[in-house]
Amino acid sequence: MVVKEFIEARWKAIIGGVVAVIAATALASTYDLIKNVLAGQLTGDAVQQIPSQLQGPIQQLTGSYDGYVWSQWFSKNGPEILAILAAVLGASLIASEVNKGTIFFLLSKPVSRDRVLLTKYLVSALILLGVMLLSGIAILIAAAIVGHPQNVGGVLISTVLLWLGMLFVLGLALLFSVLFHDVLRPLIFSLLFTLLLSIPGLIPNATLNAWSLTFYWSNFAAYQGTIFPLKALLICLVAAIVPVALAIPLFRKRAY
């Protein structure tokens, strides 16, 4: 069953992994270019050649390489890309089986429904972890190549923290996948719910940020290796468990 799940998710994993690695590598490689733009060291023609998606980061450059990489990947672009991958993986876990009619075959096996659900979930969780580790490695390699080696421990703990955050999105998509028989609604509802939880974080207020779940998905001090984000890890872990804990009893009672 594990092999079956990996095979069915292989194209989602490959496409998501390629996009994430390319984005992480690009962000980790463009700091000096953007800094030169700000310093006025490039000609007008060279500035015109910069991709439009990099114009935003130019305005948000923090002045330090580690601050730039953290803010652009772990705090912004990484969660956006990986949340979509998590939602796509989770939305099809049960709903696609129902659509194809293979849910009856799965439930006819001499294994509990809990095991079926958790196996499918854990395979997707491992795929997410693999994609995030590859992205983290890409950042470390790109940073070393451009002459800005990063704290390996900080990148690792930031990757794990972001992974736990993405498990919440995956769990939400799984829960909606149990509730609905189509893939589209779990995908849309999981992303919308995640967006709603992140809205307080859009307001520049520390008190409101503390109530935003996405606020705990990244931590600059942890990325720098100066602290261990125990509170953020625990909050993200609990948040990841809740939707899965709700999906299990619901899946037990569903009639297919």
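Please treat every number below as a calculation from the coordinates, not as lab data. It should be emphasised that the depicted structure is a prediction, and the values quoted were computed from it without experimental measurement. Quick reminder, even Gly has a Cβ in these numbers, built from the backbone with ideal geometry, and neighbours come from all protein chains shown.
Structure notes:
- With the highest mean first, a sort of the peptides 102-109, 18-25 on other beta-carbon atoms found within 10 angstrom per residue produces 18-25, 102-109.
- Net dipole in debye of the stretch 108-256 [+1 Lys, Arg Cβ; -1 Asp, Glu Cβ; about Cα centre; nearest 20]: 600 debye
- The loop-placed trypsin sites (Lys or Arg not before Pro) in the stretch 113-153, going by DSSP, include none that has at most 16 neighbouring Cβ atoms within 10 Å of its Cβ.
- Sequence-distant aspartates and glutamates (8 or more away, or on other chains) whose Cα lies within less than 13 Å of residue 253: 114
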